[in-house]
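Data block below; observations after.
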Amino acid sequence: MAHELSSPIVVENPWERLNAFTDARIGLGRAGVSLPTSKLLAFQLAHAQAQDAVHCPLDVEALSTELTQALNLSEAPQRLHSHAQDRALYLQRPDYGRRLNDESREHLREYLQQAAASQQRYDLAIVVVDGLSALAIQQNSAPFLSTLYQMLSSDTADWQLAPLTIVEQGRVAIGDEIGGLLNADAVLVMIGERPGLSSPDSLGLYMTWAPEPGLKDDRRNCISNVRPAGLQIDEAARRFFLLLNEARQLKLSGVKLKDRSEDDVLEGESASGSTCNFLVAD
């Protein structure tokens, strides 16, 4: 009597083993003509987490307290707001997120006058912005800044830091206006990046030399995907610190500034002491 083998409900995909090396959704298998229920539910959960990251508000008070304690600041960070009044307007009008509202602009000017720092120049202004993922800012700001502050304090060069600022409903370009108002040579914008289905907590770092309103994206350097499951905090701080030093020496940033943080991988040192790129033939 013929014996028919019953086929499994879920057909496994041989590529599934690659999931051990990436968060990408590959080799998910199938159940009939559809995804297995567990894979479908995992996808829906990741999508919901990405949506929550976009719409979840930044807890500014908690973040301000955490940064003040972690960085041993003498005063709390300055709280600012973009021209976008709420999240809905922020998502509909990206241009509103690139400029401060009138109240925040006047607040910053009055603060500098009271602090007798209106004419003082700073080497670096650090601007913490919620962006499209407040979760990324809430989780990664204090660890990153703690590492960066330690590097700056240990450096032989003297670094004058502008008052720390936290911006709600902001975009990357808002740092140009803040850096200009603070008379800073360079500005670092720490912003929550657009969440992906596997990365709702990704932090982006954008540096601009000689910030002023109206600059284009080619004037900025970016370090992306800073998070525990992506680019590690210590490595991100190291890369930014090297980039900042290069910008300070050359007085520029953006496409004209090469990121040399990985030159030890691309270049080797010859016996004469000169460096040569192995990608270029002699």
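Starting from residues that are modelled with pLDDT of 90 or more and in contact with a Pro (Cβ under 9 Å, 6 or more places away or on another chain), keep the ones in the range 109-125 and report whichever is nearest to Gly179 (Cα to Cα). Checked the range 109-125; the qualifying residue nearest to Gly179 (Cα to Cα) is Ala125.
Set side by side, the residues Asn140, Asn183, Asn221 differ, and just one is of a type outside the set (Ser, Thr, Tyr) and surrounded by fewer than 17 Cβ atoms within 10 Å (Cβ to Cβ), which is Asn183. The numbered conditions (1) in a loop (DSSP other than H, G, I, E, B); (2) closer than 17 Å to Phe240 by Cα; (3) at pLDDT 95 or above are all true for Ala157 except (3). Against the conditions (1) assigned to a helix (DSSP H, G or I); (2) aliphatic (A, V, I, L, M); (3) closer than 13 Å to Asp130 by Cα; (4) in contact with a helix residue (DSSP H, G or I) (Cβ under 7 Å, 6 or more places away or on another chain), Leu91 satisfies every one except (4). Output the number of residues of the range 241-282 satisfying the condition of being at positive phi, at pLDDT below 55 and outside any loop (DSSP other than H, G, I, E, B). Count: 0. For the range 29-40, state whether one or more residues are in contact (Cβ under 8 Å) with a residue 60 or more places away in the chain, surrounded by 15 or more Cβ atoms within 10 Å (Cβ to Cβ), among the small types (Gly, Ala, Ser) and closer than 26 Å to Pro195 by Cα. No, the conditions are met nowhere in the range 29-40. How many of the residues making up the range 49-64 are in a loop (DSSP other than H, G, I, E, B) and within 16 Å of the chain's Cα centre (by Cα)? Total meeting the criteria: 1. If the condition is being among the aliphatic types (A, V, I, L, M) and over 36 Å from the mean Cα position of the chain (by Cα), then the range 7-40 contributes Ile9, Val10, Val11, Ala31, Val33.
Taking Arg93, is it in contact (Cβ under 8 Å) with a residue 60 or more places away in the chain and more than 22 Å from Pro143 (Cβ to Cβ)? No; evaluated as a whole, the condition is false for this residue.
Of a type in the set (A, V, I, L, M, F, W, C) and either in a helix (DSSP H, G or I) or closer than 18 Å to Pro143 by Cβ (or both): is that true of Ala76 in this structure? No, not satisfied.
The rows are residues; the columns are (1) part of a strand (DSSP E or B); (2) under 23 Å from Asn225 (Cβ atoms); (3) in contact with a His (Cβ under 8 Å, 6 or more places away or on another chain).
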{"position": "Gln113", "(1), (2), (3)": "no, no, no"}
{"position": "Leu124", "(1), (2), (3)": "yes, yes, no"}
{"position": "Val127", "(1), (2), (3)": "yes, yes, no"}
{"position": "Ile137", "(1), (2), (3)": "no, yes, no"}
{"position": "Ala142", "(1), (2), (3)": "no, yes, no"}
{"position": "Ser146", "(1), (2), (3)": "no, yes, no"}
{"position": "Gln150", "(1), (2), (3)": "no, yes, no"}
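Within the range 224-240, being surrounded by fewer than 17 Cβ atoms within 10 Å (Cβ to Cβ) and assigned to a helix (DSSP H, G or I) holds for Asp234, Glu235, Arg238.
Note on the range 158-211: among residues that are of a type in the set (Asp, Glu) and over 17 Å from Leu257 (Cβ atoms), the one that is farthest from the chain's Cα centre (by Cα) is Asp158.
The values are calculated or read from the model by the stated rules, or taken from the named source; none is laboratory data. Bear in mind that the values here come from a model prediction, so they are computed numbers and not experimental data. All Cβ positions, glycine included, derive from the backbone under ideal geometry; neighbour counts span all protein chains shown.
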